[in-house]
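Below you'll find the structure, written out as structure tokens, and then a few comments.
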């Protein structure tokens, strides 16, 4: 299952993606979480491409094959500006799909351009996420900065710090990692993305809150049933700010539930798209 490698302009840098389907069809853009890559959304992008849409799974700035930020800016607003830059490069309304950091960027960037949006669909993203819930992510980035002696060690770190089931075949991680001249394995991203200043500063939540109050496009949030970041309280806050928000649940799933198999998410996405007829850009 391989798509066509494509490149689009973000905010001052090139974003790499993997595309499936007809480029003239209704575009559906996928954005992964921090520390992931477009591999997280490949299966869903492929499924929407097969269903008649143009699905593109992107690498975020500083991740995968996308360019690193020359100015070192990895605040959530920088990722959101990349989303905004992408919107102007399509002649049809765009559907934005994002998990974690990618979902925040989709919500913030998409909320500023309702005339260009068909649907925004988020995977476990809400305002007011508890700061202590980010501790595992902080530890994951800090440990990853030194690399790992083996792919097995990297798999252990993923499971321990991010609360994911351990990858059954650690060899699969090689596509998201690189090996240095000493044989240590490093994640395929700019180490600067894991700086403390970029991991859940107050400005991040302020931007998400403002976007939630501003967004007018069709909006869906799929809440992970076992999430340590999205709960009843912040889901209710999100709903109070965006009364048209539709909340679904991914049963028996944790926060990074799009990290591997996401067939069920793709099915939910296609069902939501069927309920959102495409309108001309206005």
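Rg and Dmax of the chain, using alpha carbons, in Å: what are they?
Considering the chain through its Cα atoms, Rg and Dmax are 17.4, 55 Å.
Tell me, what is the percent relative contact order of segment 94-162, built from C-alpha pairs under 8 Å that lie six or more residues apart?
On the way: 55 pairs, mean separation 19.8, N = 69.
Normalised by residue count, the contact order of segment 94-162 is 29 percent.
With each run of n ≥ 4 DSSP H residues scored as -39500 (n - 2.57), what mean residue ellipticity at 222 nm is computed for the chain after dividing by its residue count and rounding to the nearest 500 deg cm²/dmol?
It lands at -9500 deg cm²/dmol.
Compute the helix-to-body angle for 232-241: its Cα long axis versus the longest principal axis of the chain, expressed 0 to 90° and rounded to tens.
Roughly 40 degrees between the two axes.
Using Cα-only point scatterers and the Debye equation, what is log10 of I(q)/I(0) for segment 54-101 at each q in 0.23, 0.26 Å⁻¹, rounded to two decimals?
-0.98, -1.19
Please find the FRET efficiency linking residue 237 to residue 203, where r is the Cβ-Cβ separation and R0 is fixed at 30 Å, and quote it to the nearest 0.05.
E between residue 237 and residue 203, to the nearest 0.05, is 0.95.
What FRET efficiency do you get for residue 226 and residue 182 if R0 is 35 Å and r is their Cβ-Cβ distance, rounded to the nearest 0.05? Could the numbers behind the result be given before it?
Working: r = 37 Å, r/R0 = 1.06.
Efficiency, rounded to the nearest 0.05: 0.40.
Please report how far the C-alpha centroid of segment 170-184 lies from that of segment 73-113, rounded to the nearest whole angstrom.
Cα centroid to Cα centroid, the span is 29 Å.
By counting other Cβ atoms within 10 Å of each Cβ, how are 221, 121, 177 ranked from fewest to most?
So the residues, fewest neighbours to most, are 177, 221, 121.
Roughly how many nanometres apart are two label points built 7 Å out from the Cα toward the Cβ at residue 149 and residue 169?
For the pair residue 149/residue 169, the computed spacing is 2.6 nm.
State whether segment 1-120 is rounded, prolate or oblate according to the following rule on the C-alpha gyration tensor (a ≥ b ≥ c being the square roots of its eigenvalues): a/c under 1.5 gives rounded; otherwise a/b larger than b/c gives prolate, and the remaining case gives oblate. Before the final figure, lay out each step's value.
Working: a/c = 1.63, a/b = 1.24, b/c = 1.32.
Oblate.
I'd like the distance separating the alpha-carbon centroids of segment 205-242 and segment 18-59, in whole Å.
23 Å
For helix 76-87, report the angle its Cα long axis makes with the longest principal axis of the Cα atoms of the chain; keep it between 0 and 90° and round to the nearest 10°.
Roughly 50 degrees, rounded to the nearest 10.
What is the projected area of the convex hull of the Cα atoms of segment 179-281, averaged over all directions, in nm²? Walk me through the numbers on the way to the answer.
On the way: hull surface 40.3 nm².
Directional mean of the projected Cα hull area for segment 179-281 stands at 10.1 nm².
If you average the sequence gap of Cα pairs under 8 Å that are 6 or more apart and divide by the length of segment 53-183, what percent do you get for the contact order?
16 percent
Using 0.36 nm per residue, how much length does the chain from residue 139 to residue 244 gain when fully extended, once their Cα-Cα distance is taken away?
34.2 nm
Just need the relative contact order of the chain here, percent rounded to a whole number, with Cα pairs under 8 Å and 6+ apart.
Computed over the chain, the figure is 20 percent.
Compute the helix-to-body angle for 151-162: its Cα long axis versus the longest principal axis of the chain, expressed 0 to 90° and rounded to tens.
50 degrees
So for the chain: antiparallel DSSP bridges make up what percent, rounded to the nearest 5? Display every interim value, and only then the final one.
On the way: 15 of 39 bridges.
Around 40 percent antiparallel, to the nearest 5.
Read the figures in this text as sums done on the coordinates, not as results from a lab. These numbers were taken from a predicted model, which means no experiment stands behind them. Reconstructed Cβ throughout: ideal geometry from the backbone, glycine too, with neighbour counts over all protein chains shown.
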